[in-house]
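*Asks:* I have a structure I would like to understand better, so I am pasting it below and will then ask my questions one at a time.
The values are calculated or read from the model by the stated rules, or taken from the named source; none is laboratory data. This one's a predicted model, so the numbers in the text were calculated from it and none came from an experiment. Cβ: placed from backbone, ideal geometry, glycine included. Neighbour counts: every protein chain shown. For accessibility, only protein heavy atoms count, side chains too; no ligands or nucleic acids. Shrake-Rupley method; radii C 1.70, N 1.55, O 1.52, S 1.80 Å.
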Amino acid sequence: MTTPFDEDTPRHRPGLFARLRSSFFTGIVVIAPVGLTIWLLWTVMGWIDGVVLPLVPHTFLPEQYIGINLRGVGLIIFLFFTIVVGWIAKGIIGRSLISFAEGLVERMPVVRTVYSGIKQISETVFAQSERSFEKACLIQYPRRGIWAIGFISTTAKGEVSERAETGGQLMSVFVPTTPNPTSGFLLFFPKEDVIELDMSVEDAAKLVISAGLVYPNPKDPSQPTGAETRPSETED
């Protein structure tokens with residue numbers, strides 16, 4: 001009697017239906033990302049055109065001259081308009097106008113709440129900032145003996161550092177969730193409890209998103225690499 005684990009068990013060649021099914025799912029894996037990406041971009045361009053083009057005078061629309069409604073014209077106009085507004089906002093006059101307008105908004109109870117929330121989200125998502133996570137790290141969370149990937153933000157300062165009952169330096173560590181690394185927990189760890197990793201922040205993010213399936217090291221992550229692979233010295 002043989003079992004599936006016996007080495008001498010002959011492997012049966014899959015049938016025609018099994019091969020077709022395998023090819024079908026492989027095609028889905030290849031086509032789905034490309035198709036969904038094109039569909040999403042096409043839909044977004046159509047939505048922007050529907051919002052922007054009604055605001056543009058007909059004399060500036062290319063369909064008046066070529067007779068064809070080109071999708072994406074509204075997107076181009078929106079990008080150009082946004083760049084011009086951003087360029088003006090960087091100047092002294094632009095900053096003054098923005099400060100004056102925000103002062104008026106602050107006097108409106110309902111509008112003030114909506115505007116401040118949208119502004120905070122916009123600055124968080126779109127603002128170009130040089131601040132980013134410094135390093136990826138390992139920390140013991142939610143208890144000792146269980147390890148988690150974290151991202152070192154900064155060194156804790158101010159009241160957090162002063163009132164924490166620790167004698168050493170505190171590190172601000174963001175612990176992301178899987179598979180969505182944009183949500184997580186902000187935790188403060190003593191510096192000696194934070195183990196910095198050699199992998200980049202991008203590689204650590206891939207590891208979190210893939211739920212541990214994609215490691216930056218193509219080799220088995222459980223195997224030692226680098227200096228740890230040195231042969232042991234023979235004892236005299």
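*Asks:* Given a 1.4 Å probe and the protein chains all in place, what does the accessible area of Thr182 round to, in Å² to the nearest 10?
*Replies:* In the full protein context, Thr182 sits at about 120 Å².
*Asks:* Could you please state, rounded to a whole Å, how far the C-alpha centre of segment 147-215 is from the C-alpha centre of segment 91-122?
*Replies:* 33 Å
*Asks:* Still on this model: If you take the square roots of the eigenvalues of the alpha-carbon gyration tensor of segment 65-107 and sort them as a ≥ b ≥ c, do you get rounded (a/c under 1.5), prolate (a/b over b/c) or oblate? Write down the numbers at each step before the final one.
*Replies:* On the way: a/c = 4.77, a/b = 2.62, b/c = 1.82.
Prolate, because a/c is 1.5 or more and a/b exceeds b/c.
*Asks:* Let me ask another. How charged is the neighbourhood of Ala136? Take every other residue with its Cβ under 12 Å from the Cβ of Ala136, and add Lys/Arg as +1 and Asp/Glu as -1. Numbers along the way, then the final one.
*Replies:* Values: positive: Lys135, Lys206; negative: Glu134, Glu196, Asp198, Glu202, Asp203.
Value of the local net charge: -3.
*Asks:* Checking the table Lys135/Lys191; Lys90/Lys119; Lys119/Lys191; Lys157/Lys206 against a 24 Å threshold on Cα-Cα, which pairs fail?
*Replies:* On the way: Lys135/Lys191 13 Å; Lys90/Lys119 17 Å; Lys119/Lys191 34 Å; Lys157/Lys206 29 Å.
Too far apart for the 24 Å limit: Lys119/Lys191; Lys157/Lys206.
*Asks:* Pop a pseudo-label 7 angstrom from the Cα along the beta-carbon direction at both Thr178 and Ile92 and give the gap in nm to one decimal.
*Replies:* 5.6 nm
*Asks:* Next up: Amide H neighbours of Phe185 under 5 Å, counting only residues 5+ apart in sequence or on other chains, H built in-plane at 1.01 Å?
*Replies:* HN-HN under 5 Å from Phe185: Val175.
*Asks:* Next question. Can you list residues from other chains, or at least 5 along the same chain, whose modelled amide H is less than 5 Å from the amide H of Lys135?
*Replies:* The answer is Ile152.
*Asks:* Taking Rh as the Kirkwood radius computed over C-alpha pairs, what is the Stokes-Einstein D of segment 34-109 at 4 °C in a medium of viscosity 1.567 mPa s, expressed in µm² per second? Please list the in-between numbers first.
*Replies:* Working: Rh = 15.0 Å.
For these conditions, the coefficient is 86 µm²/s.
*Asks:* Given H placed 1.01 Å from N in the peptide plane, which residues other than close sequence neighbours of Gln169 have an amide H under 5 Å from its amide H?
*Replies:* Counting only residues 5 or more places away or on other chains, the set is Lys191.
*Asks:* How large is the accessible surface of Ser122 in square angstrom, using a 1.4 angstrom probe and rounding to the nearest 10?
*Replies:* Per-residue accessible area (Ser122): approximately 50 Å².
*Asks:* Working with all protein chains in place, sort Met45, Met108 by solvent-accessible area computed with a 1.4 Å probe, largest first. Spell out each step's value before the answer.
*Replies:* On the way: Met45 50, Met108 90 Å².
Sorted descending by solvent-accessible area, the residues read Met108, Met45.
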